[in-house]
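Trainee: Just dropping this structure here.
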Amino acid sequence: MTAPLKFSPEVRAALDAGRPVVALESTIITHGMPYPQNLDMARTVETTVREAGATPATIAVMDGLILIGLTDAELEQLAQTPQDQVMKVSRADLAVCVAQGRTGATTVAATMICAHLAGIRVFATGGIGGVHRGAEISFDISADLQELAQTPVTVVCAGAKAILDLPKTWETLETLGVPVIAYGQDDLPAFWSRQSGLPAPLRMDSAAEIAAAARMRERLGLPGGQLIANPIPHDAEIALAEITPVVEQALREADEQNITAKAVTPFLLQRIFELTDGRSLDSNIALVLNNARLAAEIAAEMERA
Ligand code: PSU
Ligand code: MN
């Protein structure tokens, strides 16, 4: 029996013809941004991928099927569904969500699984999940990290958010054998900020190098993907010194209100949005578009070889 995938005609045609395809996640739409900016972002990121010469494949679960590429009506429906009515689907939830015919938005981990099932090798997002601050007590470590260790998809992000424990996140990826590659600079970027103050373990300056490294992993029989950390564009960044106190306030509030598990990231993102008068969202959208462009270039390089 094969996986219950439903391809949009656009994605099916691109894959059949060997044209570059870029996977996109849906948790960022339902749990990462408010409506209507989330819908606008989801549409713009698809347009950006097309303009960069690749085909976008937004991934989500609906009606017992894994959708690889959404129609505009499906995108709109997902973007409008309140957070508490759509499942946030990670590796642990994927089979249950599909089997029960529920609506689910896929995280980085689940999107990687679905992309791989669909034969898509490159995926653009904003930020990955990671090791949460206080993980030594809560044990809250995103399944995204383990997924990168086992599923062969190259994920383009803008680093991890400072809501996480960044050093522990990068250390964990190293332990899991995941190449963390800064794009075009020596430092790891930190989502809203170009610099984190942490040196990147690896650096690359072109999409061709990134595609070549992915191919070499395959030849060497190494499982898992690669994480590309692409710095936010200069004009959209919020300096680390400016965003850090905001993040710390949001973290204190989450603690006071006993927010835990899957609710942590959505709560923090919403509070940081409010505390920055929406600037964090503008930055978030800019970096997603920037990642979509790079992912499209990488996807094209992968098809070339
Ligand atoms: N980080 C962000 N924005 C997001 C997410 C993470 O900056 O929207 C989402 C992604 O879908 C990611 C998920 O895969 O949250 C991680 O959730 P958790 O920490 O519960 O694994
Ligand atoms: Mn978690």
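Trainee: Residue pairs, Cβ under 9 Å, 6 or more apart or interchain, first in region 95-111 and under 13 Å from Leu67 (Cβ atoms), second crowded, with 24+ Cβ neighbours inside 10 Å and aromatic (Phe, Trp, Tyr). List them.
Mentor: Pairs that qualify, where the first residue is under 13 Å from Leu67 (Cβ atoms) and the partner is crowded, with 24+ Cβ neighbours inside 10 Å and aromatic (Phe, Trp, Tyr), are Thr111/Phe123.
Trainee: Within region 25-52, which residues are under 21 Å from Arg304 (Cα atoms) and touching a helix residue (DSSP H, G or I) at 6+ places or on another chain (Cβ under 6 Å)?
Mentor: Thr48, Val49, Ala52
Trainee: Starting from region 285-303, take each residue that is of a type in the set (Gly, Ala, Ser) and list its partners that are surrounded by fewer than 24 Cβ atoms within 10 Å (Cβ to Cβ) and in a helix (DSSP H, G or I), counting only C-beta distances under 7 angstrom and pairs at least six apart or across chains.
Mentor: Listed by first residue and then by second, the contacts come to Ala286/Ala236; Ala292/Thr48.
Trainee: Turning to a different aspect of this structure: Return the total of residues in region 17-56 being closer than 21 Å to Glu303 by Cβ, under 13 Å from the mean Cα position of the chain (by Cα) and more than 11 Å from ligand 1 (Cβ to nearest atom).
Mentor: 3
Trainee: Moving on. Checking Ala160 against (1) crowded, with 23+ Cβ neighbours inside 10 Å; (2) at pLDDT below 95; (3) under 16 Å from Arg91 (Cβ atoms): exactly one of these is not met. Which one?
Mentor: Unmet for Ala160, out of (1) crowded, with 23+ Cβ neighbours inside 10 Å; (2) at pLDDT below 95; (3) under 16 Å from Arg91 (Cβ atoms): (3).
Trainee: Which of the residues that make up region 152-171 are away from ligand 1 (no atom under 13 Å from the Cβ) and in contact with a helix residue (DSSP H, G or I) (Cβ under 8 Å, 6 or more places away or on another chain)?
Mentor: Of everything in region 152-171, those that are away from ligand 1 (no atom under 13 Å from the Cβ) and in contact with a helix residue (DSSP H, G or I) (Cβ under 8 Å, 6 or more places away or on another chain) turn out to be Pro152, Thr154, Val156, Lys168.
Trainee: Got a sec? Which of Ile120, Ile141 is touching a strand residue (DSSP E or B) at 6+ places or on another chain (Cβ under 8 Å), surrounded by 18 or more Cβ atoms within 10 Å (Cβ to Cβ) and closer than 19 Å to Leu294 by Cα? Walk me through it before giving the result.
Mentor: Working: Ile141 fails: closer than 19 Å to Leu294 by Cα.
Testing whether each residue is touching a strand residue (DSSP E or B) at 6+ places or on another chain (Cβ under 8 Å), surrounded by 18 or more Cβ atoms within 10 Å (Cβ to Cβ) and closer than 19 Å to Leu294 by Cα leaves just Ile120.
The values are calculated or read from the model by the stated rules, or taken from the named source; none is laboratory data. Please read all numbers here as calculations on a predicted model, not as lab measurements. Heads up, the Cβs are rebuilt from the backbone with ideal geometry, glycines too, and the neighbour counts pull from every protein chain shown.
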